[in-house]
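The structure under discussion appears below in the form of structure tokens.
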Amino acid sequence: MKRSIAILVLVGAILVVGYLVWGSTTLVQAECEVCLEFRGQRECRRGSGTTDDEARAAAQKAACGIMAAGMDASIACQNTVPKTVQCGR
């Protein structure tokens, strides 16, 4: 009896982990690299998402996370027009 419960728990755990890995890899359908200049600094970062717009926003947020300190600077950085944007699948 105890052995069958252990096997069921193991199979359940394997199924959950498999679902999480599968789900996280199928959501990435677009990737972008954004190069941004903000307050005299230049930073390029990559981002991914389900659309090009989502991937671009993720890349810009990553670049701003390095260059901007504080909420005001973060918002200003994320509203800055990137110097270059390259997206691909």
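The values are calculated or read from the model by the stated rules, or taken from the named source; none is laboratory data. Just so it is clear, the model here is predicted, and its values are computed rather than measured. Every residue, glycine as well, gets a Cβ built from its backbone with ideal geometry; the counts of neighbours run over all protein chains shown.
Residues considered: VAL21, VAL34, VAL81. Of these, the only one that is at pLDDT below 85 and hydrophobic (A, V, I, L, M, F, W, C) is VAL21. Sub-6 Å Cβ pairs linking a first residue in segment 64-89 that is closer than 16 Å to ALA30 by Cβ and free of Cβ contacts under 8 Å to residues at least 60 places away in the same chain to a second residue that is basic (Lys, Arg) and surrounded by 11 or more Cβ atoms within 10 Å (Cβ to Cβ), at least 6 apart or interchain, are VAL85/ARG56, ordered by first then second residue.
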